[in-house]
Every structure is written in C-alpha cells, then in structure tokens.
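*Asks:* Quick one: structure below, then a few questions.
A short reminder: the numbers here are calculations on the coordinates, not readings from a lab. Keep in mind that this is a model prediction, so the values were computed, not measured. All Cβ positions, even for glycine, are placed from backbone atoms using ideal geometry, and neighbour counts span all protein chains on display.
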Amino acid sequence: MLAGPMNTPEPIPPHGRTLVDLILPEREAERAAEEAEHLPKLTVGKRELSDLEMLAVGALSPLTGFMGEKDYRSVIEDMHLSNGLTWTIPVTLSVDQDEAKRIGGASRVTLVVGGHAIALLEVDSIYRRDGEAEAQSVFGTTDRAHPGVKALRAAGEFLVAGTVRVIKLPGHTTFQEFRLIPAQTRAAFAERGCRTVVGFQTRNPVHRAHEYLQKCALEVVDGLLLHPLVGETKEDDVPADVRMRCYQILLDGYYPPDRVMMSVFPAAMRYAGPKEAIWHAIARKNYGCTHFIVGRDHAGVGNYYGTYDAQRIFQEFDQGELGITPLFFEHSFFCRRCDQMASPKTCPHPDEDRVVLSGTKVREMLRAGRKPPKEFSRPEVAEILIEAMAERTR
Ligand SMILES: [Zn+2]
C-alpha cells in the first residue's frame, strides 16, 4: 500500500472507529415517513431531542440508538459499554408507565417532536430505570436539589431501547452557520491541514481567563474548535445566543481565522462533573479533536464535585483508551505584578496583585451596568453582557 503525502493529516479515529450517521437518505426517509403515520407515537422532550440529534450526526459514535439494559448497567457500574468501550453517561429514552404499556408489544415506534415524525425507533426492549444507582453513578449524589438528579427524577421510570433511523431532525432557527456536524468539522480541519485540534467546551460567557486557556492550548496544537454547548442549561446560566455574540467578538477581532473555528455543540447540560468531562471529551473526539481542555470543576454545579475531580477521573482509564488527550488547566487571571495573564502555576504573587472576581461579583457589576476591569473581560464583551442583563430585567 502506498503511503499518502507527508503533509496529509491523519484524522483521529472516531470512538469505536466508526463515525455513525443515522439520517436516512431522501428516498428512504420518504418511505419511513409514510410508515411512521401508522406506528405508535412517542413524543420526545427537549433533553432527549438533544441526545437524538447527537446520535443522528455521529457525535455519540459508536452508539446507534438509545441504550439497552446491558449497556446501561455497564455504564453506570463500570464506565464502559458492554463491549468494553469507555462510556460514562447513559444515553436513554424514558417513558412513564402508561406510555410503556401503550407501546408495549410494538416492534417499531415513531418519535415525534412538535407533532412531526422525526425518527423511527426499532424497539429492542423496554426496561425499568434504576434511578438511585444512575443518579449516584452519574452525579455522585441522589440529592434532588442537583439539577441533573432533578431532571432524571422528573423523567419517566421506564427506558425504551433501540436503534434509531432519522427521517428529519427539527430545523434550527438559531446559529445556522455554526451547526457543523462531526463529518463537517473533520473535513474543515483536514482542509486547513490541522493535524492536532483542541476542543473547548463552554456554557459560560467568555472572559479573558477562558481566552488565555484557549490561546495557551493553541500555542501547542494546530487548531482550536470553540464548541459552546447550546442544548438545555440551567435557568441562571447565560443564554446561548448571548454567549455566541461574545464569541463572535473574539473571532472577529482576536483569533486567527485560519486556525480557529466555532461550531455549536447541541448537547444538553447534565452537570455531572467528572463523568460529563469524559463524555464531553469522547464527543469532541468524534468531531475530530485530538485534544480537549479540561478546566477546574468542569461541568460542575454547586459544591457537588471537588475542584480537580473532573481532571483526576482521566487517570482511571488506560492510556490510549480514550484516544483524545486531555489538557488540564488551572484558573487563570491577570496579574498586575507579572503584567500579564497567568495562573497559580506561573505567577508567584499574592492574591492582591491578581484581578480575580467571583461569578456573583461579576453578575452584580453587569446588572448595575458597570464593566468589569478590562483585564477581566474585554470591554466589547462586557457591553454585550450588560445589554443582555438589562434586557432580561426588562
Ligand atoms: Zn504575578
């Protein structure tokens, strides 16, 4: 066999080595849509629709549908699928008892969103969720005040497992030009000749600290994928459209366009801390990232996880098992004595030299229409956040 030219980047293989595509070609989709009319219907909620969208485009490769009991058990007990592949968060479709009865013996059901048939599900089995064990495994707690536990408890107690074939995903009205699927981000990296790409997950507005981490990472790899999560988040998280406007400022003015790309990550937030950090990393590998930034308290909420738990969990896997390389970062800040961005790893100075503001303090300032210091937030970004706060109050 002939080797390719030296400069052809070898893309990172997807998780399980196959990039899944569950979207039916046009003809088959038409036939499936006709069939869908005569099958039992199952309405899919917002969170599960996010998972379905991720399944459809291969972001959750090698999964081809909602998990059966064997995988579900294996994931919550052992952080692996039953075939041995790393996986930390169950991907399931829940129904309540009445719905479970209604679809009972059906071998195929139609998944519906807003009255439209979006997919066919080949029902493999219906089983009972182990809510206690799942919450304890995924979130490390069964406390119902935890947003992930709360969502889990509000969902049905039965899970429908099976392969999915997608007729048509609901159209998006937001971030159209940033809805790249894994096959597209992979193609875009290849086109730019990026051998190594670091993914950055975020559900927060971008301050100088995030920019610094991203640029530190970009000093050692070829490309950066800004991959803000736009699925369901908590009420008090900054809305996705506002976060996207902040990123646009950075892309337009402060990032090299040939090395930085932005696309949205359609996942819903679980707030599962360490387990979600692994899950996020696996999904980014499917998008073609070779590296993934893991900050302190990644995907955390409240005080449920230790500061470094989401970094430490990576040690529990054998080398090469994940395939994607995590890059661990400390909180960073501007230091007036160093006169630059730094972190506790690089700056020897005491707290009073460092521009550090708590999230609460920043929200307070923005609500009062005051910009945080420019060492903390770029003024153009602060303006967007102030405006968004004012809109929200109105
Ligand atoms: Zn310093």
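*Asks:* Quick one: give the max-minus-min coordinate of the C-alpha atoms of the range 207-272 along each principal axis, largest first, in Å.
*Replies:* For the range 207-272, the Cα extents along the three principal axes come out at 34, 24, 20 Å.
*Asks:* Now a separate question. Counting Lys and Arg as +1 and Asp and Glu as -1, each charge on the Cβ, what is the dipole of the chain about the Cα centre in debye, to the nearest 20? It would help to have the intermediate numbers written out before the result.
*Replies:* Numbers: 48 positive and 54 negative charges, 163 e Å.
In total the dipole reaches around 780 debye.
*Asks:* Oh, and also: Relative contact order for the range 6-138: what is it in percent, counting Cα pairs under 8 Å that are at least 6 residues apart? Mind dumping the intermediate values first?
*Replies:* Values: 148 pairs, mean separation 35.9, N = 133.
Over the range 6-138, the number comes to 27 percent.
*Asks:* Once you keep just the Cα pairs under 8 angstrom separated by 6 or more residues, what percentage relative contact order results for the chain?
*Replies:* Values: 701 pairs, mean separation 66.9, N = 394.
Computed over the chain, the figure is 17 percent.
*Asks:* Next question. Taking H placed 1.01 Å from N in the peptide plane, check which residues at least 5 places from residue 80 or on another chain put their amide H under 5 Å from its amide H.
*Replies:* 75, 87
*Asks:* Which listed residue (288, 233, 106) has the Cα farthest towards the positive end of the charge dipole for the chain, taking +1 on Lys and Arg C-beta and -1 on Asp and Glu C-beta about the Cα centre?
*Replies:* Going by the charge dipole, the pick is 233.
*Asks:* Next up: Could you work out the relative contact order of the range 166-308? I mean the mean sequence separation of Cα pairs under 8 Å and 6+ apart, divided by the number of residues, in percent. Spell out each step's value before the answer.
*Replies:* Working: 187 pairs, mean separation 43.8, N = 143.
Averaging sequence separation for qualifying contacts and normalising by length gives 31 percent for the range 166-308.
*Asks:* Please check: in the Gaussian network model of the chain (C-alpha springs, under 10 Å), which one of 223, 156, 105 has the largest mean-square fluctuation.
*Replies:* Ranking 223, 156, 105 by mean-square fluctuation puts 105 first.
*Asks:* Still on this structure, I have one more. Given H placed on each backbone N at 1.01 Å, which residues far from residue 163 in sequence or on other chains put an amide H within less than 5 Å of it?
*Replies:* Here the answer is 122, 124, since their amide H atoms fall under 5 Å of that of residue 163.
*Asks:* Counting GluC sites (Glu not before Pro) as exposed when in a DSSP loop with at most 13 other beta carbons within 10 Å, what is the longest stretch of the chain free of them?
*Replies:* Free of exposed loop sites, the longest segment is 38-234.
*Asks:* In a GNM of the chain with a 10 Å cut-off on Cα contacts, which of 277, 187, 310 has the highest mean-square fluctuation?
*Replies:* 187
*Asks:* A further question follows. Evaluate 2.2 N^0.38 Å with N set to the residue count of the range 146-186, then give the Cα radius of gyration divided by it.
*Replies:* Expressed relative to 2.2 N^0.38 Å, the Cα Rg reads 1.75.
*Asks:* Same structure again: Could you derive backbone 3J(HN,Hα) for the range 186-195 from the dihedral phi with the Karplus parameters 6.51, -1.76 and 1.60 (θ = phi - 60°), listing whole Hz in sequence and x where the residue is Gly or Pro?
*Replies:* 4, 5, 5, 5, 4, 4, 7, x, 7, 7
*Asks:* Compute the Cα gyration tensor for the chain, then decide on rounded, prolate or oblate, letting a ≥ b ≥ c be the square roots of its eigenvalues: rounded whenever a/c is under 1.5, prolate when a/b is larger than b/c in the other cases, and oblate in all that remain.
*Replies:* Because a/c hits 1.5 or more and a/b exceeds b/c, the chain counts as prolate.
*Asks:* State the answer as a single residue: which of 357, 342, 369 lies farthest towards the positive end of the charge dipole of the range 329-369, with beta carbon charges of +1 for Lys and Arg and -1 for Asp and Glu, about the Cα centre.
*Replies:* 369
*Asks:* On a C-alpha basis, how far is the centre of the range 272-300 from the centre of the range 323-377 in Å? Whole number, if you could?
*Replies:* 22
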